[in-house]
Amino acid sequence: LVSLKLGRLYRYVKLAVLGSLAAALVLNTHSLLASLQRNELSERRFLQLNKCPACWGTSWCRKFLNGQLRLESWGRLRLLDFFNVKNVYFARYGEPREGSRRVVLKRLGSAQELADIDTKICRRATGRGRCDLLQALPATEFASLNGDVRLLTPGAVEGWSDLVHCPSQRLLDRLVRRYAETKDSGSFLLRNLKDSERMQLLITLAFNPEPLVLQSFPSDEGWPFAKYLGACGRMVAVNYVGEELWSYFNAPWEKRVDLAWQLMEIAEQLTNNDFEFALYLLDVSFDNFAVGPRDGKVIIVDAENVLVADKRLIRQNKPENWDVWYESKFDDCDKEACLSFSKEILCARVTVDHNYYAVCQNLLSRHATWRGTSGGLLHDPPAEIAKDGRLEALLDECANPKKRYGRFQAAKELREYLAQLSNNVR
């Protein structure tokens, strides 16, 4: 009887919700039709261009305001913004000679997070929660580096975000030199930027440094990140890569093996590269990666939580235990995408296994869980591979090593084994 009553109650609630949505659609039919017809991406208010220079940039404003970008059909319905918590939109971008292509637009934060940054600026400048941003900005730390300041230095921005948790001068020079929201791109001198451009760079660095990661470590140079295109107000455009990794969870075994091998290669590239910058992924989950539909290439599409450690600086300063290999501790928690790490240690060691640990635990091994699924990307291997047992042993040692420095060796062998399997299935 109780289960029957609960079932009826569930149906009534479901019907009430559907009825409310239907009523909302009827009452807002005119505004819905209007929103489908107009191009909000060409409206300064929708782009929050009035917030600048408390914004992400203006390099793509001409394209936005000229109507070269249009939201895809359902993205035009503001009624659905309630479900779009991350403020990520899909749009078509058209060039006269190139035709149109799909792009991803990001506000870089939820509506509440964006409102919080306005409040933060106002409180620091005036002591009140609301104010005129343009008048308040000169009284904040985002304007303190204006004028004739030559360099962006570690002491000015250290700890503002994961990207600059432990910045070196070499990293900051790279950020300024590759800053895409200025016409003077290519110079590491901060004083060569306009005051508004300096404030945009600093606010982006403090609020959500993802655009700066994509600019400083661009896909054109082989880094595994989505391509940065430009910004207008508080809207950033990046290249659309493809479906997110989670949509391949039940793909054929051959495909999953290839994706797993690419993920381990990404972990290796970000850890050890010729530039001697270690890029540690602090947020690793199935929706932070996407797969190209044509080339099948795995790309990182969410780079907000990336910590960059300069190995050259670590070798130069030689902090305590700097040359001792660091093993990340396995975190067997009940939540999705758990990771255990110390930012201070990541910043102070040359040899760190964090990226291998993050990929193995959260994406590949039996410990990985995502949206009700478990077993990781390499779940249910063919009978002969399962019987051999080598893959399971390597995944377990990579996620939760039993031997000292076992993860380093397991990650190396796993990359080689997946490459062998991938070649075999091809």
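Karplus-derived 3J(HN,Hα) values for the range 350-365, using 6.51 cos²θ - 1.76 cosθ + 1.60 with θ = phi - 60°, are 7, 10, 9, 9, 4, 5, 5, 4, 5, 5, 5, 6, 8, 10, 9, 7 Hz; glycine and proline are entered as x.
About its Cα centre, the range 243-424 has a charge dipole of approximately 420 debye under the convention of +1 per Lys or Arg Cβ and -1 per Asp or Glu Cβ, with nothing else charged. Long hydrophobic helices in the chain, taken as whole DSSP H segments with a C-alpha length of 15 Å or more on their own axis and mean Kyte-Doolittle hydropathy at least 0.5: 2-27. Just the protein heavy atoms count here, and of the accessible area of the range 243-424 at 1.4 Å, carbon and sulfur take up 46 percent.
Simple rule: put +1 on each Lys or Arg Cβ and -1 on each Asp or Glu Cβ in the range 243-424, find the dipole, and look at Leu279, Gly376, Phe408; the Cα lying farthest toward the positive end is Phe408.
Across the range 282-297, computed HN-Hα scalar couplings (Karplus, 6.51 cos²θ - 1.76 cosθ + 1.60, θ = phi - 60°) run 8, 9, 10, 8, 5, 8, 9, 10, 9, 10, x, x, 8, 8, x, 7 Hz from first to last residue, x flagging Gly and Pro. Of the listed values (i) 29, 28, 22; (ii) 49, 26, 20; (iii) 37, 33, 21, grab the one calculated as semi-axes √(5λ) of the Cα gyration tensor in Å from the structure here. Among (i) 29, 28, 22; (ii) 49, 26, 20; (iii) 37, 33, 21, the one derived from this structure is (iii). Database remark: amide H of Gly57 closer than 5 angstrom to the amide H of Gly233 (H placed geometrically; neighbours at sequence offset of 5 or more, or on other chains; Pro and chain starts carry no H). The residues of the chain expose, per residue, 50 Å² of accessible area to a 1.4 Å probe.
Each part gets one Cα centre, and for the range 379-426 versus the range 272-335 those centres are 20 Å apart. Extension gain for Glu243-Arg170 works out to 22.8 nm (0.36 nm per residue, less the C-alpha to C-alpha distance). What fraction of the DSSP beta bridges in the range 243-424 is antiparallel, stated in percent and rounded to the nearest 5? Counting only bridges with both partners in the range 243-424, antiparallel ones make up about 90 percent.
Can you tell me how the range 243-424 classifies by the Cα gyration tensor, rounded, prolate or oblate, using a/c under 1.5 as the rounded cut? Prolate is the answer for the range 243-424, as a/c is 1.5 or above and a/b outweighs b/c. In this structure, the amide hydrogen of Lys227, modeled 1.01 Å from its nitrogen in the peptide plane, lies closer than 5 angstrom to those of Asn239, counting only residues at least 5 positions away or on a different chain. Result for the chain in a Gaussian network model with C-alpha springs under 10 Å: among Glu210, Glu276, Glu197, the largest mean-square fluctuation is at Glu276. A dipole drawn for the range 243-424 from +1 and -1 charges on Cβ atoms has a positive end, and of Ile345, Phe330, Pro252 the residue lying farthest that way is Ile345. Amide H contacts of Ser161: none lie under 5 Å away among residues 5 or more positions distant or on a separate chain (H built 1.01 Å from N in the peptide plane; Pro and chain starts excluded). Among Asn317, Ala267, Ala419, which residue has its Cα positioned farthest towards the positive end of the charge dipole of the range 243-424, with +1 placed on the Cβ of Lys and Arg, -1 on the Cβ of Asp and Glu, and the dipole taken about the Cα centre? Value computed over the given set: Asn317. Spatially, the range 87-123 and the range 218-266 are offset by 18 Å when compared through their Cα centroids. Dipole check for the chain: with +1 at the C-beta of Lys and Arg, -1 at the C-beta of Asp and Glu, and the Cα centre as origin, the magnitude is about 1420 Debye.
The phi torsions of the range 303-317, fed into the Karplus equation with coefficients 6.51, -1.76 and 1.60 and a -60° offset, translate into couplings of 10, 5, 9, 10, 9, 10, 10, 8, 5, 5, 5, 4, 5, 6, 7 Hz, rounded to whole numbers, with Gly and Pro shown as x.
The values are calculated or read from the model by the stated rules, or taken from the named source; none is laboratory data. What you are looking at is a predicted structure, and each value in this text was computed from that prediction instead of being measured. Positions of Cβ are backbone-derived with ideal geometry, glycine not excepted, and every protein chain shown enters the neighbour counts. Accessible surface is based on the protein model in full, side chains and every heavy atom, while ligands, DNA and RNA are left aside. Shrake-Rupley method; radii C 1.70, N 1.55, O 1.52, S 1.80 Å.
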